[in-house]
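The structure appears right after this line, and notes come after that.
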Amino acid sequence: MTDPAPTPYPGRRFAAFLFDMDGTLITSIESANRAWSEWAQGHGIDPHHVLSILHGVRTIETMRRLGVADPEKEAAAITAREIEDTSGVTAIPGAAAFLAALPAERWAIVTSASRPLAEARLAAAGIPVPPVLVTSEDVVHGKPDPACFRLGAERLGVDVADCLVFEDTIAGLTAADAAGAAAIAITATHTHPIGTAHPAISDYRGLTVATEADGLTIAAG
């Protein structure tokens, strides 16, 4: 019999949970890879290079890193393509049930995606759009800058230092650390170790939450 996974942050109460979206609550790798590979081939850029740098950061920042002539135009084009193609976008195992157990005022999604893309992918995966959804349009600098998580906590009316962040990328985990939040790495979409000292779980199956007046406590079964 396999021993149960250890509980991350045992006994610690959190004011709220902040979730990344892609790779954390949903898997959109197939959709993203199709759109970006098609775009890269059309622009004479190595698709493998593009796919190696895009995850966890805003599209506009990927375009700037690639040095395209008009990053805003190209970012808008690739986002439109991703919105059109949500085939294969599904929820990470256990994510929907875990979110359903949370009070709506105690959690937010903080994503590098645009709002239209986030809404399209969440709908495809059957994940509800929470009252607080922080997207790429809401911040000047994306992850690993901590502004997005600070904004998510602010909109929930809590201190970011009292929040637990769920993330799947180094950029996101770095942003959580810089914001002063605790963090858990979600590894469901990874075939290789993320390379982080943060507590890690594959997905949300077996993860439970206790809601008290003074905070949220998680346990892994």
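In the range 34-53, of all residues being β-branched (Val, Ile, Thr) and either out of contact with any helix residue (DSSP H, G or I) (no Cβ under 6 Å at 6 or more places or on another chain) or loosely packed, with under 15 Cβ neighbours inside 10 Å (or both), the one that is modelled with the lowest pLDDT corresponds to ILE53. Does GLU72 satisfy the condition of being modelled with pLDDT of 90 or more and either crowded, with 20+ Cβ neighbours inside 10 Å or closer than 18 Å to HIS141 by Cα (or both)? Yes. Annotation note: Cβ proximity below 8 Å between a residue of the range 126-140 that is among the acidic types (Asp, Glu) and a residue that is in a loop (DSSP other than H, G, I, E, B) (sequence gap 6+ or interchain) occurs for GLU137/SER114. Residue count for the range 191-221 satisfying the condition of being loosely packed, with under 14 Cβ neighbours inside 10 Å, polar (S, T, N, Q) and either in contact (Cβ under 8 Å) with a residue 24 or more places away in the chain or under 20 Å from ARG13 (Cβ atoms) (or both): 1. Number of residues in the range 177-193 that are closer than 18 Å to ALA95 by Cβ and not in a strand (DSSP E or B): the value is 4.
Okay, residues lined up against (1) charged (D, E, K, R); (2) more than 22 Å from ALA96 (Cα to Cα); (3) in the same structural domain as ARG58 (by TED's automatic domain parsing):
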residue	(1), (2), (3)
GLU119	yes, no, no
PRO128	no, no, no
VAL134	no, no, no
ALA161	no, yes, no
THR169	no, no, no
ILE194	no, yes, no
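The set of residues in the range 70-92 that are in a helix (DSSP H, G or I) and among the charged types (D, E, K, R) comprises GLU72, LYS73, GLU74, ARG81, GLU82, GLU84. Looking across ALA178, ALA153, ALA185, one residue alone is among the hydrophobic types (A, V, I, L, M, F, W, C), surrounded by fewer than 18 Cβ atoms within 10 Å (Cβ to Cβ) and either without any contact (Cβ under 8 Å) to a residue 24 or more places away in the chain or more than 29 Å from SER31 (Cα to Cα) (or both). It is ALA178.
When GLY88 is tested against (1) surrounded by fewer than 18 Cβ atoms within 10 Å (Cβ to Cβ); (2) out of contact with any helix residue (DSSP H, G or I) (no Cβ under 6 Å at 6 or more places or on another chain); (3) of a type outside the set (Asp, Glu); (4) under 30 Å from VAL209 (Cβ atoms), just one condition goes unmet, and that condition is (2). The set of residues from the range 196-221 being outside any strand (DSSP E or B) and over 17 Å from the mean Cα position of the chain (by Cα) comprises ALA197, ARG205, GLY206, ALA213, ASP214, GLY221. Remark: pairs (first residue in the range 69-93, touching a residue at least 24 places away in the same chain (Cβ under 8 Å) and under 13 Å from ILE29 (Cα atoms); second residue buried (at least 16 other Cβ atoms within 10 Å of the Cβ) and acidic (Asp, Glu); Cβ separation under 8 Å; 6+ apart in sequence or on different chains) = ILE92/ASP203.
Step by step: first the residues of the range 54-69, then only those that are in a helix (DSSP H, G or I) and among the aliphatic types (A, V, I, L, M), then the one that is surrounded by the fewest Cβ atoms within 10 Å (Cβ to Cβ). Which residue is that? The extreme case among them is LEU66.
The values are calculated or read from the model by the stated rules, or taken from the named source; none is laboratory data. Given the structure is predicted, the values throughout are model-derived calculations rather than measurements. Glycine also receives a Cβ, built like all others from the backbone with ideal geometry; neighbour counts cover every protein chain displayed.
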